């Protein structure tokens, strides 16, 4: 009965462990894109029971490393933690202090 909790005759599906969910989503993303996520920037539940993650991945390594290009990706997961989509939100040099320009 892995992943299920029984209470009074009814079965309720447990939400995946957070660390396991992050590892799985990042692994699937890497498998699909060939890019290894370097860090998880944010992680939040969404109204439909799924999750949204924002991860950074090195898109182009350069020397010095501060000139490497990073991509900021938003990943969407369903309620079971399966990756349902991703999109690149930004691309920037690692050495830039804040990837979002301030207005």
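Readers should treat all values here as calculations from the given coordinates under stated rules, not as data from a laboratory. Just so it is clear, the model here is predicted, and its values are computed rather than measured. Reconstructed Cβ throughout: ideal geometry from the backbone, glycine too, with neighbour counts over all protein chains shown.
Taking 0.36 nm per residue of separation and subtracting the Cα-Cα distance, what length does fully extending residue 23 through residue 96 add?
Full extension of this stretch gives 23.6 nm more.
Please report the relative contact order for segment 13-93, taking Cα pairs under 8 Å with a sequence separation of at least 6, and give it as a percent rounded to a whole number. Walk me through the numbers on the way to the answer.
Details: 154 pairs, mean separation 20.0, N = 81.
Worked out over segment 13-93, it gives 25 percent.
For the pair residue 39/residue 78, report the inter-label distance in nm, with labels modelled 7 Å from Cα in the Cβ direction.
The two pseudo-label positions are separated by 3.2 nm.
Once fully extended, how much extra length lies between residue 67 and residue 87, figured as 0.36 nm per residue of separation less the alpha-carbon to alpha-carbon distance?
Once the chain is fully extended between residue 67 and residue 87, it gains 5.0 nm.
Computed over the Cα atoms of segment 13-93, what is the ratio Rg over Rh, Rh following Kirkwood? Intermediate values should be presented prior to the final figure.
Values: Rg = 13.3 Å, Rh = 13.0 Å.
Rg divided by Rh gives 1.02.
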